[in-house]
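A short reminder: the numbers here are calculations on the coordinates, not readings from a lab. Keep in mind that this is a model prediction, so the values were computed, not measured. Positions of Cβ are generated from backbone atoms using ideal geometry, with glycine treated the same way; all protein chains shown enter the neighbour counts.
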Amino acid sequence: MSYTQPPPLTNAEIDSFLREQKIARICSLNEDGTIHATAVWFAYKDGCIMMLTPAATRKVRNIRRERNVTVFVDDPDTGKGVLIYGKGELDYGCDVQEAISLFEKYMPKVEAEKSARDFTVTSKGGCVRIIVKSDRIVSYDTTKDTLP
């Protein structure tokens, strides 16, 4: 018996899944050709993945040089996942309100406000918004799999 990719999520299921999940992994290309993968907090809005990071990070340096990235979001408990292949855009105009909005996904409002202010002020090289617009999305849902 051969095993293939489990059935995909529908577009509505992908939207819901990406709004609910807490951790994404962004993969970018290092100068030596190896892959840099790191876990990040993220928001999903209007078909784009958005994350905030200090400007001095490897992912920012990599995206500045090569915009192709892959973002992987999965939930091992449900057997669902989404791979987003796309281009990373760097926006150095990160503001506190946007950081608060993102951080509220992970902590109560009062903590999010303090953490966002600290993050935007202390980020080495400043705060950068990474926006990933998808060129292609691949998803899977093992609960839909009919193989024994």
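Annotations
- Across region 41-56, the number of residues qualifying as assigned to a loop (DSSP other than H, G, I, E, B), more than 16 Å from residue 93 (Cα to Cα) and either touching a strand residue (DSSP E or B) at 6+ places or on another chain (Cβ under 8 Å) or of a type in the set (Val, Ile, Thr) (or both) comes to 2.
- If you go through region 61-96 and pick out every residue that is outside any strand (DSSP E or B), in contact (Cβ under 8 Å) with a residue 12 or more places away in the chain and not hydrophobic (A, V, I, L, M, F, W, C), you end up with 10.
- Screening 84, 49, 14 for residues that are crowded, with 18+ Cβ neighbours inside 10 Å, under 17 Å from residue 136 (Cα atoms) and more than 13 Å from the chain's Cα centre (by Cα) leaves exactly one candidate, 14.
- Residue satisfying all of: in region 104-148; in a helix (DSSP H, G or I) and among the aliphatic types (A, V, I, L, M); surrounded by the fewest Cβ atoms within 10 Å (Cβ to Cβ) among these: 110
- Single condition residue 99 does not satisfy, out of (1) in contact with a Ser or Thr (Cβ under 6 Å, 6 or more places away or on another chain); (2) of a type outside the set (S, T, N, Q); (3) assigned to a strand (DSSP E or B): (3)
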